[in-house]
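Taking it in order: structure first as structure tokens, then the write-up.
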Amino acid sequence: MTSYDVIVIGAGVVGSMIARALARYRLRTLLLDKAADVGEGTTKANTAIVHAGYDAKPGTLKARLNLAGNAQYDRVCSELGVEFDRCGTYVVAASAEERISLDELYARGRQNGVPGMTLIDGAEMRRREPSVTPQAVGALYAATGGIVDPFGLCIAAAECAVLNGVELALETEVTGIVREGRRVAGVEIRKQMPGGNLAVQKLASRWVVIAAGLWADDLLHSAGLDGLSITPRKGEYYVLDRVAAGQVHTVLFPCPTAFSKGILVTRTIHGNVMLGPNSVSISDKDDLACTREGLDEVMQGALKLVPGLDRRQIIRTFAGLRATQRPTGRSNTGDFVIEVPREVDGLLLCGAIESPGLAAAPAIAAYVVDLLRGAGLTLVERPDYDPTRPVQPRFSHLSREEQQALIARDPRHGNIVCRCETVTEGEIVAACHAPIPARTYDALKRRTRLGTGRCQGGFDTPLAIEIMARELGVSPLDLTLKGGGSRLVTRQTKAVA
Amino acid sequence: MRNLRCDVLVIGSGPAGLAAAYQARECGARDVLVIERNAELGGILPQCIHNGFGVRVFQSDLTGPEYVARWARMAAEAGVRTLTRTMVLAIESSPDGARRRVIATSGADGMLAIEPTALVLAMGCRERPRGALAIPGLRPAGVYTAGTAQRLVNIEGYMPGERHVILGSGDIGMIMARRLTLEGARVEAMCEILPYVSGLRRNLVQCVMDYDIPLHLSTTVIDVAGRERVESVTIAQVDAAWRPIAGTERVLPCDTLLLSVGLIPENELSRAAGVMIDPVTGGPVVDQAGATSVPGVYAAGNVVHVYDLVDDVTASALRAGRSAAGCACCTLLAESCELPVTAGENVHHVVPQRVRLPLVPEEGATLELRVRQPVEKAVRVRLSADGDVLLNKRLRYVRPSEMIGLALQPEWNERLTSAGGLQVDVEEA
Ligand SMILES: Cc1cc2nc3c(=O)[nH]c(=O)nc-3n(C[C@H](O)[C@H](O)[C@H](O)COP(=O)(O)OP(=O)(O)OC[C@H]3O[C@@H](n4cnc5c(N)ncnc54)[C@H](O)[C@@H]3O)c2cc1C
Ligand SMILES: Cc1cc2nc3c(=O)[nH]c(=O)nc-3n(C[C@H](O)[C@H](O)[C@H](O)COP(=O)(O)OP(=O)(O)OC[C@H]3O[C@@H](n4cnc5c(N)ncnc54)[C@H](O)[C@@H]3O)c2cc1C
């Protein structure tokens, strides 16, 4: 049986960043995910903000890793060719009471060591973001806050890991962690085989890292340990057309409540405007449904911050689930749970990685490596480690001259497939042959922006199906939206003789 | 980047683009070029394999591909040049606003910069997607707009699903209800949030009723279930404010939800070119010849407002093509004044939004309007200029789905020159 040094369960942004951090060393590492693509969990559905770090309670892991993660974003994103904009964030106070809470946030930020914070008055806030509510009496500006492409970062980190020798297995579900006495021996996996059968298999590994988001507690229990109980908390969102981007240039938070950072209005790195999230405790870890009430709450909340938002510019709704620790949990402090449980050897747990998990991800990865080293894993650097990955040209980002040169090199870049987002056939072809190929429509979407514009795939879907089938060498009947049974078309129309 | 010049450049090769280009040549423009993003000419029509096209224009009942093939041939014979698989990315204006440069890309030709004397916008429209309606529920595979499904079935040869629920009763949705049934799939229901069907009566009879497809009016989809592929949708009746009525929910098992909930004129290019857009139609503000607010830029077809009959699209495009040629040849009447047109009682919108005077007999001019509410009994459509009634047209009924045309008469010129504006009202007779 093949044996790994480390198996990382979960290829979200946390697992993928960990895999990349491990790829620096001479290790045999396997990154596993049950979904058809990396980043299909919470990583694909969040607010995408690289928080400055004033929210978390001083002294917590959250506070420390948020700050450290934030500081690494420029380097990590430039190495990986990921879109990131340190545009600054605002917490807007709309009443005298709220104004007081800004002082508290500011003080907490100072304690956490957050640089670049200033308190501004309502007039200054409106000067910077004229669409903000006239009720604004002041704001906390955090210059180091930013916005990022969260799935782009996850894909890039996983690709970098793969290019440096990490093995990746998608559509591979870990059904349990295998123990031999005190020692963790590996994992048991279930894999969908061609033809629809399920194959069950054991994989041996010296270390198992749980980076499974909402399912971290279930996996921990499978190893015979308790002490963590994750309860999902849903956040729903609206995405608005790019034309709304004239209204919001940065990130506008309301003053936070005890439960959440509140419903915000933010520009996205792709130039849309996003509203959300609300915060609703639910029980089903797969329940990503948007509800009428939830969406109404989001719109109400967003309008309080930016009263001029136009409902007619809505192009999409979605929901994401926070991996919140249940209040009854044994060690619940509201903090990230990143530790090597003392009861066993060979297990590392990343639990309750809720916000600011994205902002902290680069620092979480570094911390995990430190913990593994401290627990006895020998880490020898590989001389050939490359922290970058090849970045495919994005037609819509190029100058006319560069576009001309690109088409001259590959005429498929002259064929526009997605007209709202100006995505070319060349970009689709490249995504189908990337280090982690796009094998589903959603995977293609996250890599190229195809179908994410105002027509939401209306024009491109038939063309994308044709190109993907050709490039991947499969029948259109086998193409899915997001793996499993999510087929795009069901059969051929009646054959014509 | 290759630089080109032409007299008239047409963006889009649907029935509007082809007719405008044909007419521009017929009216003397020397160099007329049509740019089309798709691999084939014809806009939306190659996928409309049903009949019902051209009854007025050609006095024969053609399919979409047949109708557009005729126009493609006529345009080619008239000397129109076409570039397919070429997409317009931007319309740039010179600093003084007088000239325009159209930037396009194609695999075969690379980047193109084209400077036309006159430009005709004929980009058609797109379908309103699920996100725009914010339908609650999960987001599995199997949710398509009806036009996307139509392309999958009629062009690509693949079925979007086996058991369909159609939300919205637009024409494409009704046509797809029949098409899918003929392909051996099931259509479990068609739901419409309005108390009446939003597409043509003809399609309701021939595509829905003839196939016994259950139609639920004042009903909408309030939930979509299924993690991977659609497994069911929940429908519910709505009150007058479109709020779901508790207790009327019903779960319909299905694997596909098709949306036929409206078309939106494609005017991102027009907006960026500074063309004034009517917030009601979503299309450019035009005069009776399709002239937009930007000199030298014309518009025709679905890019202006959504048509239900291709014959009307063609007529609007012939007018725009004629005036684009006039602009290109500098024969337009320089001195003219404009009358604003107001949508009055029970009128949703009127196109053109302004009428240029004087009315010229060979130019032809038609007011195209849609009502807000259906009236299933005799009505009077009244056209007036400052209260002075020009026309009183009796109709047996009016429906939002059926566009109403009012021809403007050149003999009104004198009465109109002193008027401040035109207004159309629709009232019970
Ligand atoms: C509404 C919302 C808003 C947020 N906003 C922000 C923000 O603005 N800024 C910020 O920093 N953070 C934010 N967060 C938090 C951030 O999104 C998460 O902390 C981060 O994405 C967590 O990444 P992850 O890799 O731990 O989890 P995930 O992305 O969920 O990855 C876990 C992966 O594990 C896989 N998996 C699970 N079980 C198994 C198994 N048994 N076998 C195989 N694979 C398995 C899953 O398929 C999944 O891909 C937000 C979160 C939510 C929900
Ligand atoms: C599904 C359907 C069924 C119909 N059925 C009937 C019927 O039965 N009978 C009837 O009389 N009428 C029918 N109609 C109505 C009528 O035929 C259409 O409204 C008509 O096709 C509109 O013509 P158009 O030229 O304005 O737009 P379109 O046909 O949509 O053409 C627009 C063209 O512009 C191109 N384009 C857009 N942007 C760019 C760009 N940036 N660069 C290059 N090219 C671009 C598009 O690719 C497209 O080819 C139907 C319409 C639809 C949608």
| So how many residues does region B:220-248 have that are within 18 Å of B:GLY168 (Cα to Cα), of a type outside the set (Val, Ile, Thr), part of a loop (DSSP other than H, G, I, E, B) and within 12 Å of chain A (Cβ to nearest Cβ)? | 2
| task | Any residue in region A:402-413 that's more than 9 Å from chain B (Cβ to nearest Cβ): show its pairings with residues that are outside any helix (DSSP H, G or I) and among the β-branched types (Val, Ile, Thr) at Cβ separation under 6 Å, as long as the two are six or more apart or on different chains. | result | none
| Just one of A:GLY294, A:GLY357, A:GLY301 is in contact with a strand residue (DSSP E or B) (Cβ under 9 Å, 6 or more places away or on another chain), open to solvent by less than 60 Å² (accessible area, probe 1.4 Å), at pLDDT 95 or above and under 30 Å from A:TYR4 (Cβ atoms); which is it? | A:GLY357
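For B:ARG5, state whether it is over 26 Å from A:THR424 (Cβ atoms) and away from ligand 2 (no atom under 13 Å from the Cβ).
Working: over 26 Å from A:THR424 (Cβ atoms): yes; away from ligand 2 (no atom under 13 Å from the Cβ): yes.
Yes; evaluated as a whole, the condition is true for this residue.
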| field | Among (1) open to solvent by 10 Å² or more (accessible area, probe 1.4 Å); (2) in a loop (DSSP other than H, G, I, E, B), the one test that A:GLY53 misses | value | (1)
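For (1) closer than 30 Å to A:ALA136 by Cβ; (2) touching a residue at least 40 places away in the same chain (Cβ under 8 Å); (3) among the hydrophobic types (A, V, I, L, M, F, W, C), each residue gets a yes or a no:
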{"position": "A:GLU167", "(1), (2), (3)": "no, yes, no"}
{"position": "A:VAL209", "(1), (2), (3)": "no, yes, yes"}
{"position": "A:ALA223", "(1), (2), (3)": "no, yes, yes"}
{"position": "A:ALA244", "(1), (2), (3)": "yes, yes, yes"}
| message | Looking at region B:406-425, I want the residues that are farther than 15 Å from B:LEU367 by Cα and have a partner that is open to solvent by 20 Å² or more (accessible area, probe 1.4 Å) and charged (D, E, K, R) with Cβ atoms under 9 Å, at least 6 apart or on another chain. Which pairs are those? | response | B:ARG415/B:ASP388; B:SER418/B:ASP386; B:ALA419/B:ASP386; B:ALA419/B:ASP388; B:GLY420/B:ASP386
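Quick test for you: out of B:VAL297, B:VAL303, B:VAL286, pick the one residue that is open to solvent by less than 10 Å² (accessible area, probe 1.4 Å), over 15 Å from the mean Cα position of the chain (by Cα) and hydrophobic (A, V, I, L, M, F, W, C).
Details: B:VAL303 fails: over 15 Å from the mean Cα position of the chain (by Cα); B:VAL286 fails: over 15 Å from the mean Cα position of the chain (by Cα).
Testing whether each residue is open to solvent by less than 10 Å² (accessible area, probe 1.4 Å), over 15 Å from the mean Cα position of the chain (by Cα) and hydrophobic (A, V, I, L, M, F, W, C) leaves just B:VAL297.
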| Top-ranked residue in region B:62-106 [being at pLDDT 95 or above and assigned to a loop (DSSP other than H, G, I, E, B); ranked as most open to solvent (accessible area, probe 1.4 Å)] | B:ARG85
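Taking the conditions exactly as written (more than 18 Å from B:VAL303 (Cβ to Cβ), open to solvent by 20 Å² or more (accessible area, probe 1.4 Å), in the same structural domain as B:GLY421 (by TED's automatic domain parsing) and over 20 Å from the mean Cα position of the chain (by Cα)), does B:ALA343 satisfy them or not? Walk me through how you get there before you give the answer.
On the way: more than 18 Å from B:VAL303 (Cβ to Cβ): yes; open to solvent by 20 Å² or more (accessible area, probe 1.4 Å): yes; in the same structural domain as B:GLY421 (by TED's automatic domain parsing): yes; over 20 Å from the mean Cα position of the chain (by Cα): no.
No.
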| request: Tell me, please, whether a residue that is over 27 Å from B:ARG130 (Cβ atoms), within 10 Å of ligand 1 (Cβ to nearest atom) and surrounded by 20 or more Cβ atoms within 10 Å (Cβ to Cβ) can be found in region A:234-245. | output: no
| query | Has region B:111-119 got any residue that is in contact with a Phe, Trp or Tyr (Cβ under 9 Å, 6 or more places away or on another chain) and open to solvent by 20 Å² or more (accessible area, probe 1.4 Å)? | reply | no
| Residue list for region A:130-152, filter: open to solvent by less than 10 Å² (accessible area, probe 1.4 Å) and either free of Cβ contacts under 8 Å to residues at least 24 places away in the same chain or farther than 30 Å from A:ARG447 by Cα (or both) | A:VAL132, A:THR133, A:ALA136, A:GLY138, A:ALA139, A:LEU140
| message | Exactly one of these conditions fails for A:TYR4: (1) within 13 Å of ligand 1 (Cβ to nearest atom); (2) modelled with pLDDT of 95 or more. Give me its number. | response | (1)
| request: Answer yes or no: is there a residue in region B:64-71 that is more than 14 Å from ligand 2 (Cβ to nearest atom), within 16 Å of B:VAL313 (Cα to Cα) and not acidic (Asp, Glu). | output: no
| request: Determine if region B:172-187 includes at least one residue that is open to solvent by less than 60 Å² (accessible area, probe 1.4 Å), basic (Lys, Arg) and out of contact with any strand residue (DSSP E or B) (no Cβ under 6 Å at 6 or more places or on another chain). | output: yes
| task | Give region B:179-219 a look and list any residue that's among the hydrophobic types (A, V, I, L, M, F, W, C) and either assigned to a helix (DSSP H, G or I) or not assigned by TED's automatic domain parsing to the domain that holds B:GLY161 (or both), or say none. | result | B:LEU180, B:LEU182, B:LEU204, B:VAL205, B:CYS207, B:VAL208, B:MET209
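Could you look through region A:264-280, keep only residues that are away from chain B (no Cβ under 14 Å) and free of Cβ contacts under 8 Å to residues at least 60 places away in the same chain, and pick out the one that is farthest from ligand 2 (Cβ to nearest atom)?
So the first thing to find is which residues in region A:264-280 are away from chain B (no Cβ under 14 Å), and the list is A:264-270, A:277, A:279.
Then keep just the ones that are free of Cβ contacts under 8 Å to residues at least 60 places away in the same chain; that gives A:265, A:279.
Numbers: A:VAL265: 31, A:SER279: 41 Å.
Taking the candidates together, the pick is A:SER279.
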| request: Within region B:1-33, count every residue that is within 14 Å of another protein chain (Cβ to nearest Cβ), part of a loop (DSSP other than H, G, I, E, B) and surrounded by fewer than 22 Cβ atoms within 10 Å (Cβ to Cβ). | output: 1
| In region B:249-281, how many residues are surrounded by fewer than 20 Cβ atoms within 10 Å (Cβ to Cβ) and either more than 22 Å from A:ASP241 (Cα to Cα) or of a type in the set (Gly, Ala, Ser) (or both)? | 8
| remark: Output for Cβ contacts, cut-off 6 Å, separation at least six or different chains, first residue touching a residue at least 24 places away in the same chain (Cβ under 8 Å) in region A:375-389, second loosely packed, with under 13 Cβ neighbours inside 10 Å and basic (Lys, Arg), reads A:LEU379/A:ARG373
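Give the residue that is nearest to ligand 1 (Cβ to nearest atom), with candidates limited to residues of region B:107-119 that are part of a strand (DSSP E or B) and either of a type in the set (D, E, K, R) or within 14 Å of chain A (Cβ to nearest Cβ) (or both).
Ranking the candidates gives B:MET111 first.
The values are calculated or read from the model by the stated rules, or taken from the named source; none is laboratory data. Predicted model, so just to flag it, every value in this text is computed and none were measured. Note: ideal-geometry Cβ built from the backbone for every residue, glycine included; neighbour counts use all protein chains shown. Accessible surface is based on the protein model in full, side chains and every heavy atom, while ligands, DNA and RNA are left aside. Shrake-Rupley method; radii C 1.70, N 1.55, O 1.52, S 1.80 Å.
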